[in-house]
Amino acid sequence: QVRLVESGGGSVQAGGSLRLSCAASGYTYVANCMGWFRQYPGKEREGVAAVYNDGGSRYYTGPYTDSVADRFTISQDRAKNTLFLQMDSLKPEDTAMYYCAAATPCSIPILRRTAAADFGYWGQGTQVTVSS
């Protein structure tokens, strides 16, 4: 059973930073994707960024959604099965519930889409609130 636990959300003023973490457990190391999504009230979840691990030593970072490019950075500690999202220069429009998700197996086309429908495992979410 794959388990994903997010942490690091909170409230911050515009221009500030937050770092989200997602600890993953319960699956053996196979080709997989892990990603960050966010959801506004009444809206569908949108992909923020994701990484693809090829089951060997390589991993690839997918495209960032346009609104966070140059402000957010996705990274991972593969030894600790932990995914991160460094969020800098936060804006009020970044206020949302942020979710960590995993897709296994995965592929480069799935990475490029970073679509919620392709990810079968989800964390409980962590709220990010940015005030102006």
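Surface analysis of the chain yields an accessible area of 50 Å² per residue, using protein heavy atoms and a 1.4 Å probe.
Antiparallel beta bridges, as assigned by DSSP with both residues in the chain, represent about 90 percent of the total such bridges. Here the contact order of the chain, divided by its residue count and restricted to Cα pairs under 8 Å and six or more residues apart, works out to 36 percent. Just to check, using Stokes-Einstein with a Kirkwood Rh over alpha carbon pairs, what's the diffusion coefficient of the chain at 37 °C and 0.692 mPa s in µm²/s? It diffuses with D of about 225 µm²/s by this estimate. Scanning the chain for trypsin sites (Lys or Arg not before Pro) lying in DSSP loops with no more than 15 further Cβ atoms inside 10 Å, the longest uninterrupted stretch between such sites is 72-132.
For the stretch 1-49, the Stokes-Einstein estimate of translational diffusion at 4 °C and a viscosity of 1.567 mPa s comes to 98 µm²/s, using the Kirkwood hydrodynamic radius over alpha-carbon pairs.
Selection among TYR60, LEU18, GLN127 by position relative to the dipole of the chain gives TYR60 as farthest towards the positive end (Cβ unit charges, Cα centre). With helices as the sole contributors, the chain gives -1000 deg cm²/dmol at 222 nm; each DSSP H run of n ≥ 4 counts as -39500 (n - 2.57), and the sum is divided by every residue.
The values are calculated or read from the model by the stated rules, or taken from the named source; none is laboratory data. All of these numbers come straight from a predicted model, not from anything done at the bench. Virtual Cβ from ideal backbone geometry, glycine too; neighbours counted across all protein chains shown. Note: accessible area is taken over every heavy atom of the protein model, side chains too, but ligands, DNA and RNA are not part of it. Shrake-Rupley method; radii C 1.70, N 1.55, O 1.52, S 1.80 Å.
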